[in-house]
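What follows is a short report on a single structure.
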Amino acid sequence: MNQNGYGSGYQTGSLPALPEAASEVGQLFEPLFWYITAVTAAGTLLVMALVTVFCVRYRRQNTTGSTPRILGSHRLELFWTVTPLMIFLTFFAWGVYIYDRAVQVPNDIPEIFVIGKQWMWKAQYPNGQRVIIGGNPRNMTPEERADIGALVLPLGRPVKVTFISEDVIHDFGVPAFRQKIDVIPGRYVSTWYNPTKLGDFHVFCDQYCGAWHSLMVGKIKVVPPAEFEQFLEGKGGVQGSDNPVDGSLAFKGWQHFQRLQCQGCHVTNEGQGTRRAPRAPNLEGLYGAEIPLEDGTTAAADEQYIRESIVNPRAKVHQGWKPVMPGNFGPGVNGQTTEEELRELVAYIKWLKPGQSVPPNDLFPPPYGAPRNTPPTPKPSPSAGGN
Amino acid sequence: MHTPEHKTDGPSTMHDVDNPAAMFVVYLVVLGLAVANILLSTTPLGKSAIYIQLGIASVQAVLVAYYWMHMRRGDTAVTLSAFCSLFFIGIFYLLVFSDIWTRWRMAM
Amino acid sequence: MSIIVHDEPRVGPVPPEPTPPAKNYLNVAHTAASWLFTVDHKRIGILYLVSLTFFFTVGGLAAGLVRLNLLAPDGAIMTEDAYNRSFTAHGVVMLFLFLIPSIPAVFGNFFVPMMIGAKDLAFPKLNLASWYVYMVGSGFLVWSVLAGGVDTGWTLYPPYSSRYSTSNVTPGVFGVFITGFSSIMTGLNIMVTVHKMRCPGMTWGRLPLFIWSMYATSFIQLLGTPVVAITLVLLMVERVAGIGIFDPTIGGDPVLYQHLFWFYSHPAVYIMIVPGMGVISEVITCFARKNIFGYKAVAWSSVGIAVVGFMVWAHHMFVAGIAYYSAILFSFLTMLVAVPSAIKVFNWVATLYRGSITFQAPMLFVLAFLVLFTVGGVTGLFLATLGTDIHLHDTYFVVAHFHFVMVGGMVLAYLAALHYWWPKMTGRMYSDFWSRASATIIFVGFFLTFVPQFVLGYHGMPRRYPNYPPEFQVYNVLSTAGASVLGFGYLLPGFYLTLSLFFGEKASANPWSATGLEWVSSSPPPVFNFDRNPVVVCGPYEYAIGVDQLGRGLPEPPGPGSADDPASHDGPTGPAGPMQKETHVVG
Amino acid sequence: MSANHHGVLKHHFDNLEQQHAAERLGMWFFLVTEVLFFGGVFVAYTVYRYWYPNEFAFASSHLLLWVAGINTGLLITSSLTMTLAIRAAQLGDRRALIRHLLATFALGAGFMGFKAFEYYTDIHERFVPGEMFRQELAKAELELHAGHGGDHHGTAQHWAVDLAKNNADKSHTDPAYIGPGRVQLFLCFYYTMTGIHGIHILVGLGCILWLVQQAATGKIPPENYSTVEVVSLYWHLVDMIWLFLMPLLYLAGAGAHAAGH
């Protein structure tokens, strides 16, 4: 895999003759582009043909050296002033039509918020779910790199995207959508997309923004609407990231998992990196598995089972493990979670897929905005007033 | 179509020399306008004050240009260059404000 | 329909070759001080020529690094940071140190006084000062490059350039600021000269079109450059003080910087191209032996470009966050400015009609210009149209369009001017074969370099990207291959023109049999340009009648004129004789 | 000819008329660039003033109006003496020429003196964008919370106290709230515009001194009066720009303040 963040497995190989137009505006763009191409090519070829013909026909060997004194022609001047102008005005009018469609955001459509910073794109969905949609992988830890996902958009459903920059001017360009928009510090700008094709598409930062400008790239993943709904519920994988997406149910569940010190006993990775023996089963790949119980029967590890095992851990104990888990994790009089939080915890445990190597907790990437152990990189301090 | 002039040389003629009395009158007017401008700012005119003040400043500028900078006896090219600078400043203002006036701004 | 026009100039005999004076401007003195403290506009033109050639080489080398690095998707030869500094160096050096001064400073300085029959520019000391200011400004730029470079891109957008870049922005910006004054000085000098120093009979209607285009250029320089100067001052204040008016953290608007910057920098592209258009008008008439078609249209379209060019700047900002209605207005105005350029192209083509064309190097450069400039011009329409610009903006499409106009247009016009006036400037002829070869190689290399970039741009490859998706590699490799051909083409003139200085055949006063006043005096010209003060009696392009602007006959034009060539028997004016010549005003 | 006798006519001009016209036109073209130079910053100023009128009025009302008023008078008077200097040069009255030039110089130098005093006061009051501004404002806010500084009603006092008082009971969305960042924005304009103007005055003063030296050595005969005129054109333009800076920078807030801000 190359190091420049374009990942592998999508749009590799040779460039197609025609890039795909994957949005409503993108499909509007194509006819205008080819119209201008055809008209201007005709004009250019006319000029070239005339130059060629004149150069051959009136070359010195062909002519006497005497030339007529032609000073000009008002009619011709008028003709080749007005004709190009009229043609250019058709470009203008058609262009305005498409521009209008591209920048006038329809009312009442879901809004995704995208923040640009040197050198990454961060997106936040209406439900609060957050994801890094791309950036400079060379500048990240392996875990942060694993956290890079995609901006997931639903097929055939318009979404509004609002941008702001944390530092310098960036530009969010999506060639497949034939659209780009500058992302400016101190001000919101909005555009909208109506994807018309499934697939992965490049996002480029098109406004020069510093050392790793060319690595400030990302990915847009257009999925069927049903999958999009699932994604919003926090089921991992859709956005392409290996880690739970910040803001998703699973991510919040992971936070509760930390708070309740579950990892003290449910040591992942067989205690790798912690030199502690697990005192409770590994939860990776738990969801959906058949759990052997002490009484010899099995239980299907569905959501109901997971919830029950948290609220009442001694009810169905995994074969080979001692019933050491306290019973106060669930909701209740002395309970440590609410029903909502419990749902998030369940979502996290569901998210822990089999074979997925989750690093020890201290290596988990911090969510955006969360307090970090390491001091943030120094930035120019904002003024006292700030506005 | 005019041909470049090539007059014989010689010092300027007397009618090109300023009349000191006239210059002094211009001086008094310009100074008076400046005082008026400052006094104007103490009146509760509010937002319209700036337009009047800039208007007064423009009158002052015209007086200075016409009498003291001798635009009244300058070439056509001089007049043209003065108008050109104003014209292009005007374009600059107008087109920048075509953006600023119609731009949607977040309250910050 | 054709009509006879009765104001035909009287035709004098072909003048004898003026005896070269013992002292011309080149051999009048040889010390270094005589060059460094000269106030002779011709010597200052040569000083500029030498400096510009140096900076063109520097900018070209930076371009070479950029193209080499793009051979591989992850950067073939350097880090991202080095790449950013290279393309910034390429942009800044080429734009501010080569393209903007190029034709005005070299050929404008040298030929504006000669073409209007003056002894010098109006302010010779100011002229020398402009060269020194240019050298001081470029010194700052060289300093900033040697001290590690600037990585902001030539557009210097804040807040990156003001707060975030850790490179040498301040000396770089200061250098650009200073070279701006050099540009103002040259423009001011040329404008006053055209207004006040024309020789008797040189009316506005008889000015060569090169003078008209220089006048329009100077007009833009005077009106535009101060605005970028103040913009750069504001930027430097912000960078040095850490707070300034473009700072978004205190309510400043970085987009306003773009307005201020492009108010100059868009007209600046006309500073670059309009002088080239003037050169084309001079050369194409001479080698087609024709009057220019539509003198007034060509002259006034220069002025039209200069004026309307100030009203279109925000087409660089369609996606930069300007208002909806403003974008529509600027798109409309941009369509208007495309028209004068189209008029010029059609007039040049019409000038070729029924000409008697020869293909020496200047003419080959002009023909290449016509093709490349047309392509560059029409691709601009994609960027002026809102609907297409929101995709093509800031992609390689823009890069290709800009280079088609600036390199395919301006640099070829510069080379045409260099080859056209080289005999007059140095008194020597260069190799006919090699100069034609160079024109051909440059043309081919240019096409190979920049056509693939249109495709890349259409596919969305952004500019200023050292890393790109692997599928874009094919076209990048093609483009770099073309660039090496182009680079070779640029090296050639360096060799044969230098050689011509020592081994070239001595040039006659009027080797191309051209009509302009600059060809009246010997090659190289005497110190004060003319032996006698010229008095102009007719227009600039009377090739059909065969008289120069003094009303004298023209010498034999060069060309394939062997003894078998009918043209050489007929003489320059053809068998009909000048007095019976028909004058056509078609339509 | 007398003109050539003095060596006034330069070699590349045909006659003095042409030379003078070229010099005048050259200076006028230069003035065009000056107008556009200041035009750029005027446009930027207008944009921000359009967006942030309150803050601009507030900041403006804390500048020293009386200094600006005196300076306006000085510059206008210096323009008069400059005009009289041209007249003296045309008439060949060398003593009067030098006298008027020196008067112009003195008035211009006086302008710069007041300007220096004004800058000194501003910096002393820490009315400077950036760190100084932030610290001073923070101090004033602390004092206000501690219950000081609320007693001088009705008169303009130290800017930071005024600002803190104004904002004490207002949220950021209140229309009367005065954003400290935007006040600093005004100050950026104030220092840049007056600073650039001051540099122009200094250049003008240098040119006037040069003229005095030329006149003293007899290099300005009546035929060559246009040298004086060319410098005077520049001087008048710098004067004229001040006439616009005055209402934009100093008078913007005065009215608003009197109106009971």
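Past 30 Å, Cα to Cα: identify those pairs from A:Lys160/D:Lys170; C:Lys344/D:Lys10; C:Lys23/C:Lys125; C:Lys296/D:Lys10; A:Lys322/A:Lys350, in the order given.
Beyond 30 Å: A:Lys160/D:Lys170; C:Lys344/D:Lys10; C:Lys296/D:Lys10.
What does the charge dipole of the protein assembly as shown about its Cα centre add up to, to the nearest 20 debye, if the Cβ of each Lys and Arg holds +1 and the Cβ of each Asp and Glu holds -1?
Rounded to the nearest 20 debye, it is 1980 debye.
One quarter of the convex hull surface, Cα atoms only: what value does that give for region D:1-137 in nm²?
Projected over every direction and averaged, the Cα hull of region D:1-137 covers 12.2 nm².
Can you tell which of D:Gly181, C:Ser213, C:Ala544 lies farthest toward the positive end of the dipole of the protein assembly as shown, using +1 and -1 charges on the Cβ of basic and acidic side chains (Lys, Arg; Asp, Glu)?
Farthest along the dipole direction, towards plus: C:Ala544.
Toward the positive end of the charge dipole of the protein assembly as shown, about the Cα centre and with charges on Cβ (Lys, Arg +1; Asp, Glu -1), which of C:Leu156, A:Tyr58, D:Ile208 goes farthest?
Among C:Leu156, A:Tyr58, D:Ile208, the one farthest towards the positive end of the dipole of the protein assembly as shown is A:Tyr58.
Expressed as a whole percent, how much of the Cα-Cα distance distribution for region C:180-235 exceeds 15 Å?
Percent of Cα pairs beyond 15 Å in region C:180-235: 51.
Excluding residues on the same chain fewer than 8 positions from D:Lys165, give the lysines whose Cα lies under 22 Å from its Cα.
Result set, ordered by chain and number: D:Lys139.
Can you give me the Kirkwood hydrodynamic radius for region C:202-315, using every pair of distinct Cα atoms, in Å to one decimal?
Numbers: mean 1/r = 0.0628 Å⁻¹.
It works out to 15.9 Å.
How large is the Kirkwood hydrodynamic radius of region C:60-131, counting all unique pairs of alpha carbons, in Å?
Numbers: mean 1/r = 0.0678 Å⁻¹.
Final number for the Kirkwood radius of region C:60-131 is 14.8 Å.
Express the C-alpha Rg of chain C as a ratio against the empirical globular expectation 2.2 N^0.38 Å, rounded to two decimals. Walk me through the intermediate numbers first.
Values: Rg = 24.0 Å, N = 587, 2.2 N^0.38 = 24.8 Å.
That works out to 0.97 for chain C.
Give the Rg/Rh ratio for region A:303-350, taking Rg as the radius of gyration of the Cα atoms and Rh as the Kirkwood radius, to two decimals.
0.97
Roughly how compact is region C:504-563, stated as its Cα Rg over 2.2 N^0.38 Å to two decimals?
In units of the globular-protein estimate, region C:504-563 measures up at 1.18.
Provide the FRET efficiency to the nearest 0.05 for the A:Ala38-C:Val444 pair, computing r from the beta carbons and using R0 = 30 Å.
Given R0 = 30 Å and the Cβ-Cβ separation, E is 0.70.
How big is the shadow of the Cα convex hull of region A:111-242, averaged over all directions, in nm²?
Seen from a random direction, the Cα hull of region A:111-242 projects 7.1 nm² on average.
Using 1/(1 + (r/R0)^6) with R0 = 56 angstrom and r between the beta carbons of A:Leu50 and B:Tyr51, what's the FRET efficiency to the nearest 0.05?
0.50
Could you estimate the translational diffusion coefficient of region B:17-73 from the Stokes-Einstein equation, with Rh from the Kirkwood formula over C-alpha pairs, at 20 °C and 1.002 mPa s, in whole µm²/s?
Value of D from the Cα-based Kirkwood radius: 175 µm²/s.
Would you list the P(r) distribution for the protein assembly as shown, with all Cα-Cα distances sorted into 20 Å bins from 0 and each bin expressed as a whole %?
Reading the bins upward from 0: 10, 33, 33, 17, 6, 2, 0.
Can you tell me the relative contact order of region C:295-446? Whole percent, Cα pairs under 8 Å, sequence separation 6 or more. Provide the component values of the computation, followed by the final result.
Values: 127 pairs, mean separation 38.9, N = 152.
Computed value for region C:295-446: 26 percent relative contact order.
Go ahead and estimate [θ] at 222 nm for chain C from helices alone: -39,500 (n - 2.57) per DSSP H run with n ≥ 4, summed, over the residue count, rounded to 500.
-19500 deg cm²/dmol
What spacing in nm lies between the two simple spin-label points modelled at A:Arg57 and C:Asp74, each 7 Å away from Cα in the Cβ direction?
According to this spin-label approximation, the distance is 5.8 nm.
Cα centroids of region D:104-125 and region C:85-106: how far apart, whole angstrom?
Computed from Cα coordinates, the inter-centre distance equals 41 Å.
Only four residue types carry charge here, +1 at the Cβ of Lys and Arg and -1 at the Cβ of Asp and Glu. Report the dipole size of chain C about the Cα centre in Debye, rounded to the nearest 20.
860
Taking just the alpha carbons, could you work out the radius of gyration and Dmax for region D:1-76, both in angstroms?
22.0, 65
Report, to one decimal in Å, the Kirkwood hydrodynamic radius for region D:13-258 based on all distinct Cα pairs.
Taking the inverse mean of 1/r over all distinct Cα pairs, region D:13-258 comes out at 20.2 Å.
Can you tell me the Rg and the Dmax, both Å, for the Cα atoms in region A:12-90?
Cα radius of gyration and Dmax of region A:12-90 are 20.4, 61 Å respectively.
Using per-residue counts of other Cβ atoms within 10 Å, averaged over each peptide, order D:239-248, C:121-130 from highest down.
D:239-248, C:121-130
Bear in mind that the values in this text are calculations on the coordinates, not laboratory data. Values in this document were obtained by computation on a predicted structure and should not be read as measured data. For neighbour counting, all protein chains shown are included, and Cβ atoms are generated from backbone atoms with ideal geometry for every residue, glycine included.
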